[in-house]
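Worksheet: one structure, shown below.
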Amino acid sequence: MENLLLHICCAGCLCAPLEELRKEGLHVHGYFYNPNIHPLLEFRRRLKAVRIFQESDPIKVNYCEEYGLSEYLDEVDYKGDNRCGDCYRLRLSVTARYAKDQGFDAFCSTLLFSEHQDHEQVKRIGCQVSEQVGIPFEYRDYRHLCDCSRKIASKKMLYKQSYCGCIFSEFERYKDTTRHVYEGWKIEKQ
Ligand code: SF4
Ligand code: SF4
């Protein structure tokens, strides 16, 4: 059986494709490495969502638990046009190197399973990283399973993120609304 290291960025896109990969006979091991998720409490929420997913699924996962804001800002040209490309490359490169060092047969990423990521760019960078590091990239397109994953995630009551991850995507998501400003606020009695 082929041992696959699957980069996971939260539980949202994981649920349905994981079953498909298993049906193919792959033994899937998760890897949480996401210095692009900001701010700190959001990072912790998404990491926790994967841990909660594990409570009802036998998948083993290795976590990079350190909050990677500085690493992200050092590695990604966030002022340039290709911020997301840099971000994909950072995460896929570290995943590929970890997969090689730990003796996995191949690597993949839940980024490929999302309708909201630049699929072709993730694919292209995954293939480049694969050649550079010397480990196969198991390319899959499971975007058609997004709805199914969402339903499973909601049934399991997993945290659902509302923006891609970085502080820039958070800004893009909320810049035109004030609706969320008051959500979750409690008025403390004096
Ligand atoms: S692509 Fe987005 S929704 Fe999908 S697993 Fe990654 S962070 Fe979660
Ligand atoms: S929008 Fe998403 S993929 Fe693009 S840089 Fe931010 S976290 Fe990374």
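A count restricted to the stretch 113-138 and to residues that are hydroxyl-bearing (Ser, Thr, Tyr) and away from ligand 2 (no atom under 14 Å from the Cβ) stands at 1.
The test for being in a helix (DSSP H, G or I), modelled with pLDDT of 95 or more and closer than 20 Å to residue 162 by Cα holds for residue 49.
Evaluate the stretch 136-148: report whether one residue or more is in a helix (DSSP H, G or I) and either at positive phi or β-branched (Val, Ile, Thr) (or both). Looking through the stretch 136-148, none of the residues is in a helix (DSSP H, G or I) and either at positive phi or β-branched (Val, Ile, Thr) (or both). Among what's in the stretch 160-172 and is surrounded by 14 or more Cβ atoms within 10 Å (Cβ to Cβ), part of a helix (DSSP H, G or I) and of a type outside the set (A, V, I, L, M), pick the residue that is farthest from ligand 1 (Cβ to nearest atom). Result: 168.
Against the numbered list (1) within 22 Å of residue 128 (Cβ to Cβ); (2) in contact with a helix residue (DSSP H, G or I) (Cβ under 7 Å, 6 or more places away or on another chain); (3) crowded, with 16+ Cβ neighbours inside 10 Å, residue 77 comes up short only at (3). Among the residues of the stretch 129-159, the one identified as surrounded by fewer than 20 Cβ atoms within 10 Å (Cβ to Cβ), of a type in the set (S, T, N, Q) and within 24 Å of residue 56 (Cβ to Cβ) is 154.
Here's the yes/no breakdown for (1) more than 15 Å from ligand 1 (Cβ to nearest atom); (2) touching a residue at least 24 places away in the same chain (Cβ under 8 Å); (3) under 14 Å from the mean Cα position of the chain (by Cα):
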| site | (1), (2), (3) |
| --- | --- |
| 23 | yes, no, no |
| 27 | yes, yes, no |
| 34 | no, yes, yes |
| 43 | no, yes, yes |
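The residue of the stretch 1-21 that is farthest from the chain's Cα centre (by Cα), among those that are closer than 18 Å to residue 102 by Cβ and within 16 Å of ligand 2 (Cβ to nearest atom), is 7.
State all residues of the stretch 96-111 that are buried (at least 19 other Cβ atoms within 10 Å of the Cβ), in a helix (DSSP H, G or I) and either near ligand 1 (Cβ under 9 Å from one of its atoms) or of a type outside the set (A, V, I, L, M, F, W, C) (or both); if no residue qualifies, say none. 98, 110, 111 - these are the residues of the stretch 96-111 that are buried (at least 19 other Cβ atoms within 10 Å of the Cβ), in a helix (DSSP H, G or I) and either near ligand 1 (Cβ under 9 Å from one of its atoms) or of a type outside the set (A, V, I, L, M, F, W, C) (or both).
The set of residues from the stretch 45-62 being closer than 29 Å to residue 171 by Cα and touching a residue at least 40 places away in the same chain (Cβ under 8 Å) comprises 45, 46, 48, 49, 50, 52, 53. Taking the listed residues 144, 116, the one that is closer than 20 Å to residue 23 by Cα, within 15 Å of ligand 1 (Cβ to nearest atom), at pLDDT 95 or above and out of contact with any Leu (no Cβ under 9 Å at 6 or more places or on another chain) is 144, with no other qualifying.
The values are calculated or read from the model by the stated rules, or taken from the named source; none is laboratory data. A quick note: this is a predicted structure, and the numbers were derived from the prediction, not measured. Virtual Cβ from ideal backbone geometry, glycine too; neighbours counted across all protein chains shown.
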